[in-house]
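The values are calculated or read from the model by the stated rules, or taken from the named source; none is laboratory data. Remember, predicted model here, so these are calculated numbers, not experimental data. The protein model used for the area step is the full one, side chains on, heavy atoms only, and it has no ligands, DNA or RNA in it. Shrake-Rupley method; radii C 1.70, N 1.55, O 1.52, S 1.80 Å.
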Amino acid sequence: MVGIGTRLLPKSNRSLLAVQDDRRHPGQKVVHRVWRYFASERERWTVDLSGKRGRPAADADEVSGAALAVNDDYGNVFLRLACDRKFNFGNDDQTRVSAGLRF
């Protein structure tokens, strides 16, 4: 894993993160581009755009896909919508809605 980020822009931070997993030789690589915007002291928006390439197993065909996740954090409450193509390096796509409390 390697990453870089900045907080130089007002009310936001940006980061780029690359993750590679090759423990069982699937050649899985994921790159995340993340933007966090601090709308107020209590509210934060996060946009995570990622791309992936690799195989679910060493002997499987390579797949590639992209994902987009958008979070709204307000105080200790959050709502997240995520659309993930080739979920878990398989052939399925997944859309998720999550809500919860941070503590």
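Keeping all protein chains in place, calculate the accessible area per residue for the stretch 12-103 (probe 1.4 angstrom), answer in Å².
Per residue, the stretch 12-103 has 69 Å² of solvent-accessible surface.
Around A39, which amide H atoms from residues at least 5 apart in sequence, or from another chain, sit under 5 Å from its own amide H, with H modelled in the peptide plane?
R44, W45
Report the Cα-based extents of the chain along its three principal axes, largest first, to the nearest Å.
Here the Cα extents, ordered largest to smallest, are 49, 29, 22 Å.
Give the separation of the Cα centroids, the stretch 1-42 to the stretch 48-103, in Å.
14 Å
Mind grabbing the accessible area of F78 for me, 1.4 Å probe, Å², rounded to tens?
40 Å²
What's the carbon and sulfur percent of the stretch 17-96's accessible surface, probe 1.4 angstrom, rounded to a whole number?
51 percent
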